[in-house]
């Protein structure tokens, strides 16, 4: 049975658009894009949902915790779920937080380090997996998260080009999520429920192409 690991942040976790900072609602199991993808692929696929709110590409978060660093947990996660056939990586939105001062090119480079880590970690066991690098959609600076992500909207509009270049260089598959969905106007970061549906279908199609 082919196995897919979906490695991401709160949008992989399924966090609903936040009306306020204490709003921690999560969409249901059958509603999140990862589950939509699984349903589209069919029962012959095993899907591991690995989303952590606040997860970055390769950055320790001094406010939310160093465990938010996506690089730190990736190798043990890969070892826990191997053998794997496909790994999707959808990270970078949290790197836009004002506290990090990261240009989009560096964020994309961080995502590239994760792609390379997949190959290195699995090679230690004589295994390999195809990687689908997903560029997050542009964000909006609105609502309760506007201050936290101040300056991030402009940077996020460069994600598609930067991520596609990284994917091409590393031989990974690529999906521009911004060509399929838009961030919610409620908080500018998370996805409304219809967007989860659209993204799940798009990722399933991209997985089939791999």
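The values are calculated or read from the model by the stated rules, or taken from the named source; none is laboratory data. What you see is a predicted model, and the numbers here were worked out from it, not measured in a lab. Quick reminder, even Gly has a Cβ in these numbers, built from the backbone with ideal geometry, and neighbours come from all protein chains shown.
Can you give me the number of residues within region 131-168 that are within 24 Å of residue 114 (Cα to Cα) and free of Cβ contacts under 8 Å to residues at least 60 places away in the same chain? Show your work before the answer.
Keep residues of region 131-168 that are within 24 Å of residue 114 (Cα to Cα), which gives 131-139, 149, 152-168.
With the extra rule that they be free of Cβ contacts under 8 Å to residues at least 60 places away in the same chain, the set shrinks to 131, 133, 135, 137-139, 149, 152-155, 157-158, 160-162, 164-168.
Going through region 131-168 one residue at a time, the tally reaches 21.
Looking only at residues in region 1-15 that are in a loop (DSSP other than H, G, I, E, B) and touching a helix residue (DSSP H, G or I) at 6+ places or on another chain (Cβ under 8 Å), the one that is farthest from residue 93 (Cα to Cα) is 14. Is region 37-48 home to any residue that is assigned to a helix (DSSP H, G or I), modelled with pLDDT of 95 or more, under 17 Å from the mean Cα position of the chain (by Cα) and over 23 Å from residue 149 (Cα atoms)? Yes, region 37-48 has at least one match. Scanning region 141-187 for residues that are part of a loop (DSSP other than H, G, I, E, B) and touching a helix residue (DSSP H, G or I) at 6+ places or on another chain (Cβ under 6 Å) yields 141, 149, 158, 172, 180, 181, 186, 187. Residue 128 falls short on exactly one of the conditions (1) surrounded by fewer than 16 Cβ atoms within 10 Å (Cβ to Cβ); (2) part of a helix (DSSP H, G or I), and that condition is (2). The number of residues in region 51-75 that are free of Cβ contacts under 8 Å to residues at least 60 places away in the same chain and part of a helix (DSSP H, G or I) comes to 7. Restricting 209, 169, 157 to residues that are under 24 Å from residue 101 (Cβ atoms) and surrounded by fewer than 17 Cβ atoms within 10 Å (Cβ to Cβ) narrows the list to 157.
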